[in-house]
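All remarks here apply to the structure that follows.
The values are calculated or read from the model by the stated rules, or taken from the named source; none is laboratory data. Model, not experiment: these values are computed from the prediction. No Cβ is skipped: glycine too gets one built from the backbone with ideal geometry, and neighbour counts run over all protein chains shown. Remember, those area values only see protein heavy atoms, side chains included, never the ligands or the DNA or RNA. Shrake-Rupley method; radii C 1.70, N 1.55, O 1.52, S 1.80 Å.
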Amino acid sequence: MTKDTSNQMWGGRFAAGPDAIMEAINASIGYDQRMAAQDIEGSRAHAAMLAKTGILTDSDAEAIREGLLTVLSEIETGNFEFSAALEDIHMNVEARLKEIIGEPAGRLHTGRSRNDQVATDFKLWVRDQIDAAIQGISALIRAFVAQAEVGADWVMPGFTHLQTAQPVTWGHHMMAYVEMLGRDLSRFQDARARMNESPLGAAALAGTSFPIDREMTAKALRFDRPAANSLDAVADRDFALEFLSASSICAMHLSRFAEELVIWSSAQFRFVTLSDRFSTGSSIMPQKKNPDAAELIRAKIGRIFGANTALLMVMKGLPLTYSKDMQEDKEQVFDAADNLMLALAAMEGMVKDMTANRDSLEAAAGSGFSTATDLADWLVRALNMPFRDAHHVTGTLVAMAEARGCDLPDLTLEDMKSVHSAITADVFDVLGVHNSVASRLSYGGTAPERVREQIARWKEVL
């Protein structure tokens, strides 16, 4: 198809066309063509409404409907020629529609503006990405639940400051990420519900004098209702910011687990073995198996954080309603969405494929005096000792074991009595890592039966 670049779509206000620099800075078609399907969907709903209200004849509406389907087919099959001279996806579609059906194409824009059109397109696109994120997060949650079920009673060290703290179970650790991702899921669901209002029909900023039916177009586009204020409808980008905010928090969770995978798969830890599908080798060191997928997730997260900050900066100083600054609202959202979905898919693959090394986990679980808290708790329960005194006694015994190069269960009863004479042989019942985790029966605790309860709950939720 041919483009007449001298006849700019914004009409006769400007006698001369923009020069190459202005065209380059003004055009958004290089990236907003991604919204082609949403743009055509919105236009079809608008045309149907115009016909229903008598603003457009049925024959014109039918020509528009068929023409838009032809344009969509051309775009989907790669046979559409995008033109920077036509600025954006809306003008590219409308120009091609005019080539296909002639005069009726010029009536499509009745009762709307590019301002409400782009807000509608962008909102539809972001809504699709939220739905995709919800699916991706749900799949990742299932992968973590499956790992938790396999190792609900496998012991491993729990850490604070990356130092061994107390024994926990592998299942409990996996379910911690299920809880994080569950909050991510709810954030995206909340954002979707809040943003599901249609801007279409707000026109440039003040609404329109045509007798349009905004309820009809909102319903056709699966919105819950039309946006209630035309000024806000065209100026609002909260929905994109909420998507980026939820994406940033979710991405942060992915990055935290990616960091754990990097640590856990190292020769020093050997907690997990990653599959070959998500690892690479070294060009010079044949023994290496690098957790590159985890590292790339960890790095890509910065792009999502950056997109969130960038759009906040674009929007922070804009008066109502539309300013051309808002053309800069899409590239970073597109990039963030791409990278979030890639990170979710890669993380799901790694979690599904990874193998937890039970022996290494259990060997590490008892290191670093991990049952010291169990000893202190026993002193409180069995000897009615104030916790601060129990803490001091336990600390003395830890120092003794450390000096002897052994762990707490390796001390003799006589060793313990030398610190506090009331200690009995019953203390050894709480010093094993399996006894330790089994005793943590409080709601949300690491005891295997509590972990299995949470697994069952999440299976029901999913």
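Among the residues of segment 203-218, not a single one is open to solvent by 10 Å² or more (accessible area, probe 1.4 Å), in contact with a strand residue (DSSP E or B) (Cβ under 8 Å, 6 or more places away or on another chain) and small (Gly, Ala, Ser). Taking segment 340-364 as the range and being open to solvent by 10 Å² or more (accessible area, probe 1.4 Å), part of a helix (DSSP H, G or I), in contact (Cβ under 8 Å) with a residue 40 or more places away in the chain and not small (Gly, Ala, Ser) as the test, the residues that pass are Met341, Leu342, Glu348, Lys352, Asp353, Arg358, Glu362. Taken together, the residues in segment 398-425 that are within 21 Å of Phe159 (Cα to Cα), outside any loop (DSSP other than H, G, I, E, B) and among the hydrophobic types (A, V, I, L, M, F, W, C) amount to 4.
Screening Asp377 on (1) farther than 18 Å from Thr164 by Cα; (2) part of a helix (DSSP H, G or I); (3) in contact (Cβ under 8 Å) with a residue 40 or more places away in the chain; (4) open to solvent by less than 50 Å² (accessible area, probe 1.4 Å) shows it passes everything except condition (1).
Restrict the check to segment 427-436 and report whether at least one residue is more than 27 Å from Phe257 (Cα to Cα), in a helix (DSSP H, G or I), among the β-branched types (Val, Ile, Thr) and open to solvent by less than 20 Å² (accessible area, probe 1.4 Å). Walk me through how you get there before you give the answer.
Here is the first cut: in segment 427-436, the residues more than 27 Å from Phe257 (Cα to Cα) are 427-432, 435.
From what's left, in a helix (DSSP H, G or I): 427-431, 435.
Keeping just the survivors that are among the β-branched types (Val, Ile, Thr) gives 427, 430.
This time we only want the ones that are open to solvent by less than 20 Å² (accessible area, probe 1.4 Å), so: 427.
Scanning segment 427-436 turns up at least one residue that is more than 27 Å from Phe257 (Cα to Cα), in a helix (DSSP H, G or I), among the β-branched types (Val, Ile, Thr) and open to solvent by less than 20 Å² (accessible area, probe 1.4 Å).
Within segment 85-124, the set of residues being open to solvent by less than 10 Å² (accessible area, probe 1.4 Å) and hydrophobic (A, V, I, L, M, F, W, C) comprises Ile89, Val93, Leu97, Ala105, Leu108, Ala119, Phe122, Leu124.
When the helices (runs of 4 or more DSSP H) confined to segment 6-73 are screened for residues that are assigned by the TED database to the domain that holds Ala95 and modelled with pLDDT of 95 or more, those reaching at least 2 such residues are found at 36-52. Going by the conditions given, is Arg270 in contact (Cβ under 8 Å) with a residue 60 or more places away in the chain, more than 30 Å from Asp236 (Cβ to Cβ), basic (Lys, Arg) and part of a loop (DSSP other than H, G, I, E, B)? Yes; evaluated as a whole, the condition is true for this residue. Test each condition in (1) open to solvent by 10 Å² or more (accessible area, probe 1.4 Å); (2) modelled with pLDDT of 95 or more; (3) touching a strand residue (DSSP E or B) at 6+ places or on another chain (Cβ under 7 Å) for Ala152 and report the one that comes out false. With (1) open to solvent by 10 Å² or more (accessible area, probe 1.4 Å); (2) modelled with pLDDT of 95 or more; (3) touching a strand residue (DSSP E or B) at 6+ places or on another chain (Cβ under 7 Å) applied to Ala152, the lone miss is (1). Scanning segment 189-213 for residues that are in contact (Cβ under 8 Å) with a residue 60 or more places away in the chain, in a helix (DSSP H, G or I) and not small (Gly, Ala, Ser) yields a total of 2.
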